[in-house]
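Novice: Quick one: the structure is below, and I'll ask about it shortly.
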Amino acid sequence: MRVTIAAIGARLPDWAEDAVADYLKRFPPEFSVSLRAPKAASRDGQPVGRLRALEAQRLRAALPEGAVLVALDERGRERSTAELAAELARWSADGRPVGFLIGGADGLDPDLVASATAVLSLSRMTLPHALARVMLVEQLYRAWSIGAGHPYHRA
């Protein structure tokens with residue numbers, strides 16, 4: 001399975017960069033996870049809708065062609081790790097890559113969210129982008145461990 005996390009914003013605090021890098025190196029080759037970080041749109045007095053649309057183009061360009069889109073949005077459905085593992089298994093069976101989308105400061109473009117196969121909420125609370133990335137990659141690792149029978153996840 002090939003998973004890409006496309007997250008607006010290139011630079012994270014060192015603690016978050018270290019945590020994401022640590023989890024990314026844990027995945028086995030048959031379950032590869034990569035991070036793409038397109039640059040945020042330049043604000044320059046542009047309306048929020050325009051900023052979101054520009055960032056949506058950058059996010060789509062960061063993903064493999066034909067990827068299953070999973071938008072992260074606070075209004076999305078919360079899932080347990082076991083539910084995420086089951087969804088990943090279903091998507092893997094389709095043979096398509098999976099792309100998780102994390103928007104910029106103004107969130108994701110509504111049209112991009114509407115085109116997603118799934119809309120996932122990590123929390124009803126608003127999270128800083130750095131923490132959202134760390135939480136997502138850790139949950140992907142935990143979901144992988146469930147499917148692989150790895151001892152990392154202990155229910």
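Novice: Is one or more of the residues making up the stretch 118-129 at pLDDT 95 or above, surrounded by fewer than 21 Cβ atoms within 10 Å (Cβ to Cβ) and of a type in the set (V, I, T)?
Specialist: Taking every residue of the stretch 118-129 in turn, at least one turns out to be at pLDDT 95 or above, surrounded by fewer than 21 Cβ atoms within 10 Å (Cβ to Cβ) and of a type in the set (V, I, T).
Novice: State whether one or more residues within the stretch 23-33 are at pLDDT below 95 and over 21 Å from G147 (Cβ atoms).
Specialist: no
Novice: How many of the residues in the stretch 110-137 are in a helix (DSSP H, G or I) and in contact (Cβ under 8 Å) with a residue 40 or more places away in the chain?
Specialist: 13
Novice: Return yes or no: is L140 modelled with pLDDT of 95 or more and either part of a loop (DSSP other than H, G, I, E, B) or touching a Leu at 6+ places or on another chain (Cβ under 7 Å) (or both)?
Specialist: no
Novice: For the stretch 57-95, give me each residue that is in a strand (DSSP E or B) and without any contact (Cβ under 8 Å) to a residue 60 or more places away in the chain.
Specialist: Correct list: V68, L69, V70, A71, D73, E74, R75, G76, R77, E78.
Novice: Okay, moving on. Go through (1) assigned to a strand (DSSP E or B); (2) aromatic (F, W, Y); (3) free of Cβ contacts under 8 Å to residues at least 60 places away in the same chain for F100 and report which single condition fails.
Specialist: (3)
The values are calculated or read from the model by the stated rules, or taken from the named source; none is laboratory data. Because the structure is a prediction, the values reported are computed rather than measured. Counting neighbours? That spans all protein chains shown, and the Cβs are built from the backbone with ideal geometry, glycine included.
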